[in-house]
Amino acid sequence: MSSTAMKKKVLLMGKSGSGKTSMRSIIFANYIARDTRRLGATIDVEHSHVRFLGNLVLNLWDCGGQDTFMENYFTSQRDNIFRNVEVLIYVFDVESRELEKDMHYYQSCLEAILQNSPDAKVFCLVHKMDLVQEDQRDLIFKEREEDLKRLSRPLAWSSIVYQLIPNVQQLETNLRNFAQIIEADEVLLFERATFLVISHYQCKEQRDAHRFEKISNIIKQFKLSCSKLAASFQSMEVRNSNFAAFIDVFTSNTYVMVIMSDPSIPSAATLINIRNARKHFEKLERVDGPKHSLHMRMR
């Protein structure tokens, strides 16, 4: 691994069976949901490295949630586990019958983080909500949210990774300029390996707040189907009477998705605009890249 890579330590914690390893495998190892059934319980700590956006390396510590391991994390392994942490992700099983014990372990994690990595960001994920009856989900979630109060709310993986991107504000500024120049309804930027949304800009209000994860999952499934046919996914155009969506390779580490609703703008013009912006966004992927914004004239 390159010595110039930025390494970010991410702790993935929660009780045994909460779904930590399944989520990690789906997001970062391109598992599909049914394949996670064969995953066994995590023993102690499993380490993995995920290269993200070329120069950012997520050092994932997937910590087994059995009681014996959890107690060791807070005693004999405390300094090793909780030192130099950038992000703590604590996973709750919404169907857990041991909520009091869950909260005890969670509070212990927060105390250890405060002592060893006081600047770390903390996220709580309420998992397996799909197993709750649909008409009960809002009520049960609000109950869990009240239990966790000021420290917890469920966030998508895209939101968590977003916190780790070093030059995200500059990236967003240039993505906004790009969207406005080409008169797009919305522009999304995906990390190439995981297809997580790392930045976006919308000119028109979108109703579906969960569209990023839905799009990401659809594309990942399509990429998986392509790989089974020994084909590689490069680009896609989807069009109906209301809009056109273009997904294309953007930089060496990203894909871009451009949503257009103006029927007077031909597909060829949008594809040319994407191509013209590539070189500029390639530079932005470097931490020491240019500080100026995108103002190039596009057709």
Counting only residues in region 241-272 that are under 29 Å from the mean Cα position of the chain (by Cα) and of a type in the set (Gly, Ala, Ser), the one surrounded by the fewest Cβ atoms within 10 Å (Cβ to Cβ) is identified as 252
Name the residue, out of 172, 143, that is assigned to a helix (DSSP H, G or I), within 30 Å of residue 107 (Cα to Cα) and modelled with pLDDT of 70 or more.
143
Which is modelled with pLDDT under 90 and not in a helix (DSSP H, G or I), of 265, 247?
265
Six or more apart or on different chains, Cβ atoms under 7 Å: show the pairs whose first residue is in region 68-82 and over 14 Å from residue 115 (Cα atoms) and touching a residue at least 12 places away in the same chain (Cβ under 8 Å) and whose second is among the charged types (D, E, K, R) and surrounded by 13 or more Cβ atoms within 10 Å (Cβ to Cβ).
69/44
So which of 13, 23, 70 ends up being in contact with a Cys (Cβ under 7 Å, 6 or more places away or on another chain) and either modelled with pLDDT of 85 or more or open to solvent by less than 30 Å² (accessible area, probe 1.4 Å) (or both)?
13
Looking at region 83-99 only, could you name the residues that are exposed (fewer than 14 other Cβ atoms within 10 Å of the Cβ) and modelled with pLDDT under 90?
95, 97, 98
Matching residues in region 43-69 - criterion: being over 15 Å from the mean Cα position of the chain (by Cα) and of a type in the set (Val, Ile, Thr)
43, 45, 68
Pick out the one residue from 35, 62, 79 that is among the acidic types (Asp, Glu), at pLDDT 85 or above and outside any strand (DSSP E or B).
79
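The values are calculated or read from the model by the stated rules, or taken from the named source; none is laboratory data. None of the values given here were measured: they were computed from a predicted structure. Ideal geometry is used to build each Cβ from the backbone, glycine not excepted, and the neighbour counts take in all protein chains shown. All accessible areas refer to the heavy atoms of the entire protein, side chains included, with ligands and DNA or RNA removed. Shrake-Rupley method; radii C 1.70, N 1.55, O 1.52, S 1.80 Å.
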